[in-house]
Amino acid sequence: MRGRRVPSRVLFGPIETNLGDGRAMSARHAAFYERRARGGCGLIVTEIASVHESDWPYERAPLASLCGPGWASVVEACAPHGTVVLAGIGHAGGQGSSAHHRRELWGPSRVADVVSREVPYTMEQAEIDALVGGFVAATETAVAAGCDGVECNAGQHSILRQFLSGLTNHRTDAYGTDRALLLREVLAAVRAALGPDRVLGLRLCGDELAPWAGITPASSRAVLASVAPLIDYVVPVRGSALTVSATRPDLHTAPGFNRELCAASRVPDVLMVLQGSVVDVSMASDALTDGTADLVEMTRAQLAEPSLVRLARAGQGERIRPCTLSNQHSWVRDPLNPIISDEGEPSTGHETEDEPVPRADGLEVLVVGGGPAGLETARVLANHGCRVTLVERSDRLGGALRLAAAVHGRGRWGLLADWFGAEVRRLGVRVELTTEVGLGEVDRAANVVLASGSRPSPPSFTVGDGVAVYPAAEFVAGGFELDGPVLVHDPIGDWTGVGIAEQVAAAGPRCVLVTQDPVAGTQLSRTGDLADANARLQRAGVVRELYTRLTEVRDGRARLVDVHTGESRSVECATVIDCAHRLPEDGLWPARPDLLRAGDCVAPRTVHEAVLEGRRAAHTLLRAAP
């Protein structure tokens, strides 16, 4: 590419990270990208930086005018690995936020954003000129920092896409009669600023999934053909403000969903990049060999496994940590400013916090519990020379991961459980299944980590005769027939209640989902699945009782109370599945409070926290070893 040899055909895309130092790139960015470069990534596109101060889409969104030193540090960090580094640049336009800079948003027309409902200022020629100038200035900053080029964003969260689309561009001037005019002007100016020796990439919306007015594959291909002489590669993506989650969906969408769009977008002399939940090496290789793409974007896959390319090249594909695609820690465009990470690889986003730990060859350790916390503890210890025995009272490793994988639409969690099991066995961990550990065995062991998981909490509602009540974990474990109608009690609002309600409806019984929240699965806004989840419930025929609390079940009825008015009523109910919080399984700990604990036996949370605490427990033992 422009005289540069890209060391692999794997691209790491411009994902949001919240790693910034204010609006500047930070040392955490450099460490984050260096880890992927060291793992074999061929081309890295940094987090999209706003090209003009009128754009401040989220609190730690980079601003290109402040990114010069940060871009230079990323280039320096990745240079030893030969990775090509491009600066991601763009402007969110009407999909931005006025909360931070407290000024109007810019847009092609006065069309309210469907998320914020804010109406943007219609850009006049002065603002359009300033926008083009901002792209040029950002490019010049990136070149001065040593970047190999830039990637311009005309995909999701992009003013360039908004100008291309009939959904948002209702202008009657030249920028409305020729909606691709602004894109051509920007790319021509950027190419001139780059010169002939640097790479220009384009992230282009190929389908807004709104054919009545939006960008379609045919219209996108025509736009691409018109700008092809200016660019080196294109990443076709899908989605608009109406379908934000479609660009980077969660695990309910099959991996590789953009293959047809990618193949249909080909134009001569432009390298094609396949994007769209590409997380499997074999799928990526197939897309390259069958001509669908010239490069593959595997961003979330490299959040889960930074060494993906290196392991694949070494013929160790089975060691690649699988990506769950849950978005639980990779969707960070959020007012809470969470740091990007991964469920199974908690060091992602926290690379600067990693410190070397010593080996402890021959150290004997007993790990109690074969869920994600215990598996990670055993894996890390065995990888550092310890002799580890892992005991699990059930007949299968995986713990809560297996329960999560049994919920409707969330089978990918099982891949992570399988990976952990294969890794501990590869490393020589002695695994004892169907084994209950008592205080005597714990007292006889020199080094112990308790990772015994969690147990159901007692119902928060009164239970009388005539209604069967099951904790969510017992239901997903299976082995019994459902009597309908079924009530799913969801006081948490995460993926559990929604998934179980879908599962019940698919089995046939009438299903009612009860939640005190204004929408079902309210916490799914953090993964991008909230709107899609409610659409699935609607299609499945699940009745959603919102702003409602369950107080009693008895004699085939459930008593419901409105959380605002206190009004009470009852609905027919033969079975209740209780998706309430779980409690720590801490039977051993009170007698031995000196022991290390990890995961749900400390406090039941997500897989991410369990894996992180398992790793920390292992590191504590290794550092304390004689």
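The values are calculated or read from the model by the stated rules, or taken from the named source; none is laboratory data. Treat the numbers as computed from the prediction; the structure is a model and nothing was measured. For neighbour counting, all protein chains shown are included, and Cβ atoms are generated from backbone atoms with ideal geometry for every residue, glycine included.
Overview of results
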{"quantity": "Answer residue from the range 492-529, given it is under 14 Å from residue 406 (Cβ atoms) and β-branched (Val, Ile, Thr) and is surrounded by the fewest Cβ atoms within 10 Å (Cβ to Cβ) among those", "calculated": "496"}
{"quantity": "Inter-residue pairs, beta-carbon under 7 Å, first at positive phi and in the range 326-338, second part of a loop (DSSP other than H, G, I, E, B), 6+ apart", "calculated": "327/250; 327/527; 327/528; 337/18; 337/59; 337/60"}
{"quantity": "Unmet criterion (only one of (1) in the same structural domain as residue 257 (by TED's automatic domain parsing); (2) under 30 Å from residue 7 (Cβ atoms); (3) aliphatic (A, V, I, L, M)) for residue 380", "calculated": "(1)"}
{"quantity": "Those residues of the range 227-246 which are crowded, with 20+ Cβ neighbours inside 10 Å, in contact (Cβ under 8 Å) with a residue 40 or more places away in the chain and within 16 Å of the chain's Cα centre (by Cα), in sequence order", "calculated": "245"}
{"quantity": "Residue 146 being over 28 Å from residue 86 (Cα atoms) and either touching a Pro at 6+ places or on another chain (Cβ under 9 Å) or in contact (Cβ under 8 Å) with a residue 24 or more places away in the chain (or both)", "calculated": "no"}
{"quantity": "Criterion: in contact (Cβ under 8 Å) with a residue 24 or more places away in the chain and surrounded by 24 or more Cβ atoms within 10 Å (Cβ to Cβ) - qualifying residue of 373, 406, 382", "calculated": "373"}
{"quantity": "Test result for residue 467, within 36 Å of the chain's Cα centre (by Cα) and in contact (Cβ under 8 Å) with a residue 60 or more places away in the chain", "calculated": "no"}
{"quantity": "Residue that is nearest to residue 60 (Cα to Cα), among those in the range 323-344 that are surrounded by 24 or more Cβ atoms within 10 Å (Cβ to Cβ) and touching a Lys or Arg at 6+ places or on another chain (Cβ under 9 Å)", "calculated": "330"}
{"quantity": "Pair list, Cβ under 7 Å, 6 or more apart: the range 73-85 residue touching a residue at least 24 places away in the same chain (Cβ under 8 Å), other residue in a helix (DSSP H, G or I) and aromatic (Phe, Trp, Tyr)", "calculated": "74/33; 77/33; 78/33"}
{"quantity": "Candidates 549, 544, 615, 623 - the one that is in a helix (DSSP H, G or I) and either buried (at least 17 other Cβ atoms within 10 Å of the Cβ) or at positive phi (or both)", "calculated": "615"}
{"quantity": "Answer from 114, 136, 132, 119 - the residue that is more than 26 Å from the chain's Cα centre (by Cα), surrounded by 14 or more Cβ atoms within 10 Å (Cβ to Cβ) and farther than 25 Å from residue 193 by Cα", "calculated": "119"}
